[in-house]
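Okay, so here's the structure we're looking at.
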Amino acid sequence: MSNKCDCLEIGYKSCRCEERYAKANKSAVTPTERWRNEVVIFADAMEAKLKENDHKQHWSSMPMQYLIGRLAEEQEELREAIEGENSEEILKEAADVANFAMMIADVAKSKAACKLPACCGHGGSK
């Protein structure tokens, strides 16, 4: 899990959190050295689905309730794929479910990111 905040993405001009994150992770290893092969394959499927939809509005500007609703829709699509017993479709739909769960977590994190005085000194105000 990343300790990065989203200050720059949400419009702040500068951010010391990026520097803190880089220092804290200077001994980081590549995902294939750190993660199980199954996780790498699944993460690749997630990224492929995200790239497919790069032309759409970024999730950070979507309401939480919308994302929760989409998560439920994707769970239903995953259930249908499981019933169809198509492993490729199951992977794609599972990646969709995971992506919406990630988006929900990311939006929640972004809302809380700069509420802490230690985060960039913004203290939650824009």
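By other beta-carbon atoms within 10 Å, ranking Leu91, Leu50 with the fewest at the front produces Leu50, Leu91. Working ranking of peptides 39-47, 52-60, 93-101 by packing, defined as the average number of other Cβ atoms within 10 Å per residue, highest first, is 93-101, 39-47, 52-60. Computed extension gain for Phe42 through Glu89, at 0.36 nm per residue and net of the alpha carbon distance, reaches 15.7 nm. For Lys51 and Arg34, the difference between the fully extended length at 0.36 nm per residue and the C-alpha to C-alpha distance is 3.8 nm. Could you calculate the FRET efficiency of Glu73 with Met102 from 1/(1 + (r/R0)^6), where r is the beta carbon distance between them and R0 is 22 Å, rounded to 0.05? The formula returns an efficiency of 0.90 here.
Here, each number is a calculation from the coordinates, and none is a lab measurement. Computed from a prediction, not measured in an experiment: that's the story for all the values here. Glycine gets a Cβ as well: all are built from the backbone with ideal geometry, and neighbour counts include every protein chain shown.
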